[in-house]
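Notes follow the structure.
Readers should treat all values here as calculations from the given coordinates under stated rules, not as data from a laboratory. Remember, it's a predicted structure, so these values are computed and weren't measured experimentally. Methodologically, a virtual Cβ is constructed for each residue, glycine included, from the backbone with ideal geometry; neighbour enumeration extends over all protein chains shown.
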Amino acid sequence: MSRGVRFGQAKPFTASRRFWAILVGFVILAGIASRSLQTGSLLFDKYLGDALYAVMIYGLVRLWANRSRTAAVAAIVMLSLEAFQATGIPASLFQSVPLRTWWTARWE
C-alpha cells in the first residue's frame, strides 16, 4: 500500500505549504501596491510588478508541485504565459468592447 497521497485526495496543509500560501498573499498585495502607487521610478513602477508576478507563479507552483520540480514547472508556466501573450490573442480580447468597458469601469 502506498503511503503517498492518492489521486483525487488533497495534500495535507503542512507548515511549508502554509508559509508559501501566506507568501503568495503578501506578494499579491505587494504587486497591487506596486501598480497602484506611482513613484516615478522605472524600477519600482514597471519592473517590480513583473518580478512579483514571477514570484507569485513560483509560489503557486510551489504549493502544488513537488519540491524538486518547482523551478522547472514554474519556468514552463511562465514561458507558456509569455508565449500566449506574444500571439496577440489576449490583446485582441482586451480590445473587445464588453471586456474593455468592464475593465476600465472598474478603475474609474
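What is the projected area of the convex hull of the Cα atoms of segment 15-106, averaged over all directions, in nm²? Walk me through the numbers on the way to the answer.
Values: hull surface 29.9 nm².
Hull-based average projected area comes out at 7.5 nm².
Between Ala86 and Leu29, how high is the FRET efficiency from 1/(1 + (r/R0)^6) when r is the Cβ-Cβ distance and R₀ = 25 Å? Nearest 0.05. Let's see the in-between values first.
Working: r = 29 Å, r/R0 = 1.14.
FRET efficiency, Ala86 to Leu29: 0.30.
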